[in-house]
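Bear in mind that the values in this text are calculations on the coordinates, not laboratory data. Nothing here was measured: the structure is a model prediction, and the numbers come from that model. Heads up, the Cβs are rebuilt from the backbone with ideal geometry, glycines too, and the neighbour counts pull from every protein chain shown.
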């Protein structure tokens with residue numbers, strides 16, 4: 001049977017992709033950020049996940065203002081890197097896992113999650129930057145990826161509790177897939193950042209670290225954090241952290257911390273990174 | 001588990017955050033064509049047409065005159081007020097060759113250098129800018 005073996009959380013700042021693509025990952029600015037991912041790169045090379053359910057948000061790339069799915073799952077064979085206004089990133093195409101993706105989609109719908117199903121879409125920095133952070137610059141990505149896009153742009157975005165419940169349902173779906181697969185779930189985005197208005201540049205390291213603490217062990221307090229708290233405390237784009245709760249919900253009642261990293265700043269954003277496993 | 005919020009209270013709280021415009025349905029409706037214009041710049045051929053004649057390119061979109069003027073002026077604060085969303089507007093400043101830091105800093109009343117220095121020193125503290133009403 002397929003199983004969720006671990007969860008990874010990470011920020012997905014576009015500038016990290018630029019640093020990778022331009023070979024600047026060990027310079028004075030980016031070095032301390034990327035050093036926090038060295039452990040994970042080694043760990044991923046040992047773990048060799050077959051499939052990653054990669055929870056991210058589309059930044060007006062695959063979805064425009066016309067169609068706004070709250071939860072969308074990519075069921076295609078391949079996903080190309082999106083052209084976000086400066087040409088697509090020169091990274092490998094992403095290979096999907098249509099069998100598992102369709103299985104998860106069907107299971108989630110029967111489990112009361114009304115998913116939007118996407119056969120063809122380009123994937124932006126929200127998805128490709130985490131792959132670069134965890135796998136570096138391989139000729140082909142070493143795992144299949146099932147994109148799971150969450151609307152965190154147009155309000156209301158899904159509640160933290162709903163995200164957590166979706167994670168729980170994804171776990172049930174994966175565990176009912178008959179093939180023996182090592183599946184990881186990644187929650188991306190955050191941590192504190194605000195990209196707009198006079199308050200732009202807001203960073204709240206204390207809150208971010210409390211949030212990371214709350215995902216380790218058996219607490220489920222984070223699922224009850226209201227949107228307004230993310231917005232006041234961590235900036236308008238800090239709301240992306242609800243996507244970490246999908247990852248957390250998929251890991252079951254208790255988690256064990258394998259690795260943790262936090263750094264300010266990267267561009268406008270606080271970088272946070274966790275590796276957890278079900279305990 | 002559900003603690004369903006009243007939609008009016010939920011939305012009203014957003015207006016209590018200083019210097020912040022949450023992208024609500026109201027803004028999404030007001031900014032629909034503005035954001036779709038910005039989205040069109042994801043295609044290389046559209047970027048070329050836009051760069052060749054910005055005013056003519058804007059005529060393709062049923063945007064308000066105020067929105068068009070704000071785009072031409074790259075007034076991102078005003079564009080947010082007119083329904084623009086930062087991830088859509090990013091296509092405009094990316095086409096101009098600006099980074100997020102460069103574009104975002106224009107909304108803060110700081111120079112790019114001052115803004116970058118603030119970020120490198122740990123970013124803007126949330127102290128005093130969490131709430132207009134309660135100032136904490």
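Brief remarks follow.
- Model label points for residue A:80 and residue B:66, set 7 angstrom from Cα along the Cα-to-Cβ axis, are 3.9 nm apart.
- Förster-model FRET efficiency, 30 Å R0, residue B:73 and residue A:102, C-beta, rounded to 0.05: 0.05
- Value of [θ]222 nm, deg cm²/dmol, for chain A, DSSP H segments ≥ 4, -39500 (n - 2.57) each, nearest 500: -9500 deg cm²/dmol
- Euclidean distance of C-alpha centroids, the stretch A:224-249 and the stretch A:157-201, integer Å: 11
- Residue among A:139, A:149, A:35 with the largest mean-square fluctuation in a Gaussian network model of chain A, springs linking Cα atoms under 10 Å: A:139
- Contact order, relative form, for the stretch B:22-97: 49 percent (alpha carbon pairs under 8 Å, 6 or more residues apart, mean separation divided by residue count).
- Rg to Rh, two decimals, where the stretch B:22-97 supplies the alpha carbon set and Rh follows Kirkwood: 0.93
- Paramagnetic reach from residue B:81 (point 7 Å along Cα→Cβ, amide N under 15 Å) across the stretch B:99-116: B:107-109
- Label sites at residue A:35 and residue B:51, each approximated as a point 7 angstrom past Cα along Cα to Cβ, lie 3.9 nm apart.
- Mean separation of Cα contacts under 8 Å (6+ apart) over length of chain A, as relative contact order %: 31
- Cut-off 19 Å, label 7 Å out along Cα→Cβ of residue B:125, residues of the stretch A:225-241 by amide N: A:232-235
- Computed from Cα positions, the angle between helix B:86-95 and the longest principal axis of chain B comes to roughly 40 degrees.
- Rounded to 0.05, the FRET efficiency of the residue B:113 and residue A:219 pair, given R0 = 51 Å and the Cβ-Cβ distance, is 0.75.
- Relative contact order computed over chain B (Cα-Cα under 8 Å; 6+ residues apart), in percent: 29
- Gyration tensor verdict on the stretch A:205-279 (Cα atoms; rounded if a/c is under 1.5, prolate if a/b is larger than b/c, oblate otherwise): oblate
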